[in-house]
Amino acid sequence: MPLNSINTNSGALIALQNLNTTNSELQVTQQRINTGKKVGNAKDNGAVWAMAKNQSSNSTALNSVKDSLQRGQSTIDVALAAGDTITDLLGKMKEKALAASDTSLNTSSFNALKSDFDSLRDQVQKAADNAKFNGVSLADGKATKMTFLANTDGSGFTVKAQTLGLGGIGLSAASSFATATAAKTMIGSIDKAIGTATNKLASLGTASTGLDTHLTFVGKLQDSLDAGVGNLVDADLAKESAKLQSLQTKQQLGIQALSIANSSSSSILSLFR
């Protein structure tokens, strides 16, 4: 038989304990809804929080990798653009040399062709010298290779430089001709230069494709890491919403139960009437 006492109301104590439990659960649910996370700090779940933080830091670090790879893309693109210009110039130089090899030309026409050839030759070197992105170049011969970030551990993606200046394609600043015979000989030199230039551009193109592929992979890796972190810490808001309504109802019932339990002690007064 329950004890009727005004000093100890066990029913009210039990109701209060249950109400406090409900309030605690309600606070947790409201916090998850407000933040969108089921694990917002180390106190919620230390192991999961630490794992999520580590993976999140890796994902953030990949932004630097992507920036580096994108700089690499731009640097190669500039070199390729210079290479396209250089091969076009070499084609025009061959045209001028071929025209100048015609022994039926008069001196004035020959000299005009020679002047055009020399001007085109100088433009080749200028194109190579100006093929810079962010102050660096893969085409001017000043670097043998460039290494860009490939992963968060600091490993690199190396691209071999391809010198596209006159020296790098078998010509020089003195490459020219003074006679029709020399012009004919120059045609062969230009053909070799075109072959060398196109081979070097092919190498740069292959490196660019590899860089693009790796950049795509890094982007997918970062997305996967972000999704993994979300799986660890993100709250299921649909589930939390349903739980919120359930706890709010439970809270109201708990308040009523506590009120009833508190009023039960006043019934003892009826014993003394």
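The values are calculated or read from the model by the stated rules, or taken from the named source; none is laboratory data. As the structure is a computational prediction, the values presented were derived from the model and not from experiment. Cβ: placed from backbone, ideal geometry, glycine included. Neighbour counts: every protein chain shown. Areas reflect the complete protein model, heavy atoms only, side chains present, ligands, DNA and RNA absent. Shrake-Rupley method; radii C 1.70, N 1.55, O 1.52, S 1.80 Å.
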List the lysines whose alpha-carbon lies under 16 Å from that of Lys38, not counting same-chain residues fewer than 8 positions away?
Lys53, Lys239, Lys243
With each label point set 7 Å from Cα along the Cα-Cβ vector, what nm distance links Ala238 and Lys220?
2.8 nm
Listed pairs Lys132/Lys220; Lys114/Lys160; Lys114/Lys142; Lys94/Lys200 exceeding 27 Å between Cα atoms
Lys132/Lys220; Lys114/Lys160; Lys114/Lys142
The list (1) 25.7; (2) 18.6; (3) 20.5 gives values of Kirkwood radius over Cα pairs in Å, and only one came from this structure; which label was calculated from it?
(1)
Taking the Cβ of Leu138 as the center, what net charge do the other residues with Cβ under 11 Å away carry, scoring Lys and Arg +1 and Asp and Glu -1?
+3
Rounded to the nearest whole Å², what accessible area per residue is found for region 1-126 with the 1.4 Å probe?
59 Å²
Contour minus Cα-Cα span, Gln27 to Asn63, at 0.36 nm per residue, comes to 9.4 nm
Charge tally in the Cβ shell below 14 Å around Met186, where Lys, Arg are +1 and Asp, Glu are -1, Met186 excluded:
+2
Taking Lys and Arg as +1 and Asp and Glu as -1, residues besides Val39 with C-beta under 11 Å from its C-beta add up to +3
With charges set only on the Cβ (+1 for Lys and Arg, -1 for Asp and Glu), what does the dipole of region 121-225 come to about its Cα centre, in debye to the nearest 20?
320 debye
Out of the total accessible area of the chain (probe 1.4 Å, heavy atoms of protein only), what percent is carbon and sulfur?
52 percent
Normalised by the number of residues in the chain, what is the relative contact order in percent for Cα pairs under 8 Å and 6+ residues apart?
33 percent
